[in-house]
Amino acid sequence: MKTGHFSKFPIVLALLLTLRSAVKQIVAVDGMSGTWELLLNSTGVVAMHVALTHLNTVVLYDQTSSGRSAYHLPRGLPCPSVSTDADDRKESGCWAHSMEYDVATNTIRPLSIRTDTWCSSGSFLSDGTLEQTGGYNQGARRIRYFRPCADRNCDWNESSSTFLAEGRWYATNQVLPDGERVIIVGGLNVFSYEFIPKSRDDEGRL
C-alpha cells in the first residue's frame, strides 16, 4: 500500500491546529488586541525606506528621481541632485524626498536628501546616528548620515570627499561590535565588502 505524502497529512494538520491555538492564546493575553489607526492622510513622500530613531521619530526616504512629492523643500535647503534624464530633472526639482515623523506630536517635516537613495542600505551606529550608503546613479557611492535631534533642526549630512570604494545597489550593512564602524557587503554585481570608516586605505578589498 502506497502512503506517499498523505501519510504525513495528520501530522501537518496537528501542527497547524496547535499553531492556530497558540496564536489565539497570544492575542487573547490580558484581553488585548491590536487595531490600526490612521494618523495622517499622507506622509508627503513614498516610504521606500523607514527607520525608527531612539528619539521616537521616524525617518522616511525615497529615491530622488521619483518625481514630485507632496512638499517643496523650504527655502535655503539644498535641492536633491537627480539623474541626467531631462524628465527627472523637471519633475523632481526642489521637492522633498525625505521626511521625519514625530510620533509624540503626530507631525512631519521635510528633510533634504541630496543624492539618490533608491535601493540603498544602512544601519544605526551606537550613538543613534543612521548611517546610510549607496543607492542609484550619482548616489551609488555616497555615504550619508542622519543624527536625530530633540530640537528637530537636524538634517541629512552627506560626505563630499569620502566615497564607497564601489557603487553599491541592494547592498547589506551591519554595524560592528564597536558600534562605530559598519561593514558593507555586496550589491548588484558587486562581489566585495568594505568598512566605513576604513582603518586603512586597502581595508576590505577582496
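Bear in mind that the values in this text are calculations on the coordinates, not laboratory data. Since the structure is predicted, the reported quantities are computational estimates derived from the model, not experimental observations. Glycine gets a Cβ as well: all are built from the backbone with ideal geometry, and neighbour counts include every protein chain shown.
Worth pointing out:
- Counting 0.36 nm for each residue step from Val58 to Asn106 and taking away their Cα separation leaves a gain of 16.2 nm.
- The phi-based Karplus calculation (6.51 cos²θ - 1.76 cosθ + 1.60; θ = phi - 60°) puts the 3J(HN,Hα) values of the range 165-180 at 5, 9, x, 10, 10, 6, 8, 10, 10, 9, 5, 8, x, 6, x, 10 Hz, whole numbers, x for Gly and Pro.
- Net charge of the neighbourhood of Glu180, taken over other residues with C-beta under 11 Å away and scored Lys/Arg +1, Asp/Glu -1, is -2.
- Percent of Cα pairs exceeding the 22 Å cut-off, where the set is the range 41-196: 39
- With a cut-off of 15 Å between beta carbons, the residues surrounding Thr129 carry a summed charge of -4, where Lys and Arg count +1 and Asp and Glu -1.
- The range 31-74: equivalent-ellipsoid semi-axes (sqrt of 5 x gyration tensor eigenvalues, Cα, Å): 26, 14, 10
- R0 of 41 Å, Cβ-Cβ distance Phe191-Ala51: FRET efficiency to nearest 0.05: 0.90
- Once the Cβ-Cβ distance of Arg75 and Met32 is raised to the sixth power relative to R0 = 45 Å, the FRET efficiency obtained is 0.45.
- Positive minus negative residues near Thr105 (Lys, Arg vs Asp, Glu; Cβ under 15 Å): -1
- Efficiency of FRET between Ser199 and Tyr170 - r from beta-carbon atoms, R0 25 angstrom, step 0.05: 0.45
- Given charges at beta-carbon only (K, R positive; D, E negative), |dipole| of the range 134-189 in Debye: 120
- When the range 118-203 is reduced to its Cα atoms, the Kirkwood hydrodynamic radius in Å: 13.1
- Charge dipole magnitude, Cβ of K and R +1, D and E -1 - the range 41-196, Cα centre, debye nearest 20: 260
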